Amino acid sequence: MTELADKADSPIPRNTNHKEKILLQGGSDRVCVIDIKGLIARQENAGVCTPKIIALLKQIEKDNSIKALILDMDTPGGEVIASDEINSAIWKLRKARNIPVITCMHSMGASGGYYIASATDYIIANRMTFTGSIGVIMSSVNATELMDKIGLKSTAFTSGDMKDMLSPTRPMTEKELAYTKAMIHETFTEFAKVVAKGREAFKTHEEVMAAEFADGRVLSGAAALDYGLVDELGGFDEAVAKACELAKIENPTIMQLQPKQSLMDILMSANTQVKPLSLDGLLPIKATSLEAGKLYYIAPQAIAQ
């Protein structure tokens with residue numbers, strides 16, 4: 001391989017919505033890197049914006065010069081549907097192009113991040129990476145005691161007794177509790193099926209659900225290797241080496257494919273350029289408040305209390 005190339009961004013002529021950055025200049029065979037960093041959601045300003053990631057994967061599908069893909073991952077997870085859409089898009093890419101897809105986990109590749117990684121051919125994690133957290137969560141708030149204290153009453157007119165399920169103004173009924181638990185179990189089962197489909201260590205989703213780690217715990221990379229959830233301990237260099245090995249290329253150009261910033265991205269970036277000193281930059285995980293009633297594949301450490 002040649003020396004590191006100039007990292008100036010250069011537009012991809014085939015699609016002006018994306019740009020590429022050359023990380024290492026080599027031959028005509030290219031290894032593409034996509035960042036999976038931050039909370040996984042469909043929102044425009046999410047760290048991992050599902051529509052943007054899917055658009056990048058579609059771009060790779062059209063580019064025959066790309067011989068392998070690396071997902072450079074650092075995420076605690078995120079929304080269930082958003083994670084599932086990226087997982088499906090990766091499988092579609094693998095079927096269409098038959099190129100190796102490698103996940104390289106850094107600080108975190110947990111829950112929804114692991115859901116995405118399980119669709120890839122090979123997973124590399126640091127020995128201290130937080131990964132696993134195979135499970136699902138839905139949150140709700142009950143304010144009935146506070147309402148009683150201040151003398152506030154709420155009335156809801158519904159077409160059915162489940163229409164205002166998870167309402168914060170009254171306790172849950174036994175019927176609602178049973179239904180919510182069934183929905184959580186169904187979503188967890190789907191997660192287990194995704195893991196069993198992508199990981200040779202498990203033949204069925206029942207094996208995943210019966211495993212010791214299936215209680216939602218976060219694992220270190222070293223522990224995940226023992227369970228068969230990751231394939232190798234290492235970092236980005238090892239991911240590049242594995243991508244080249246599986247793609248059978250010797251002198252690749254390593255390039256990073258990125259979505260171009262939207263106006264919302266620019267405004268959000270400008271809003272966070274200068275801020276007072278806080279612990280946010282010192283902590284490995286930024287806590288996130290969950291939207292009530294929405295299903296998440298997210299690591300417990302990332303949930304704001």
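Every test in (1) surrounded by fewer than 21 Cβ atoms within 10 Å (Cβ to Cβ); (2) without any contact (Cβ under 8 Å) to a residue 40 or more places away in the chain is passed by Thr50 save one, and that test is (1). Scanning region 137-187 for residues that are touching a residue at least 12 places away in the same chain (Cβ under 8 Å), outside any loop (DSSP other than H, G, I, E, B) and among the hydrophobic types (A, V, I, L, M, F, W, C) turns up Ile137, Met147, Met183, Ile184.
The rows are residues; the columns are (1) of a type in the set (Asp, Glu); (2) surrounded by 12 or more Cβ atoms within 10 Å (Cβ to Cβ); (3) at pLDDT 95 or above.
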site: Arg217; (1), (2), (3): no, yes, no
site: Ala223; (1), (2), (3): no, yes, yes
site: Asp237; (1), (2), (3): yes, no, yes
site: Glu245; (1), (2), (3): yes, yes, yes
site: Thr253; (1), (2), (3): no, yes, yes
site: Leu277; (1), (2), (3): no, no, no
site: Ala287; (1), (2), (3): no, yes, no
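Taking the listed residues Ser88, Ser83, the one that is of a type outside the set (A, V, I, L, M), buried (at least 24 other Cβ atoms within 10 Å of the Cβ), assigned to a helix (DSSP H, G or I) and under 15 Å from the mean Cα position of the chain (by Cα) is Ser83, with no other qualifying.
Name every residue in region 205-230 that is among the hydroxyl-bearing types (Ser, Thr, Tyr) and in contact with a Lys or Arg (Cβ under 9 Å, 6 or more places away or on another chain), in order of residue number. It would help to see each step written out before you state the result.
So in region 205-230, the residues among the hydroxyl-bearing types (Ser, Thr, Tyr) come out as 220, 227.
The answer is Ser220, and nothing else.
Of all the criteria given as (1) surrounded by fewer than 21 Cβ atoms within 10 Å (Cβ to Cβ); (2) touching a strand residue (DSSP E or B) at 6+ places or on another chain (Cβ under 8 Å); (3) in contact (Cβ under 8 Å) with a residue 40 or more places away in the chain, the one not satisfied by Gln43 is (3).
The values are calculated or read from the model by the stated rules, or taken from the named source; none is laboratory data. This structure is a prediction, so every number in the text was calculated from the model and none was measured. Counting neighbours? That spans all protein chains shown, and the Cβs are built from the backbone with ideal geometry, glycine included.
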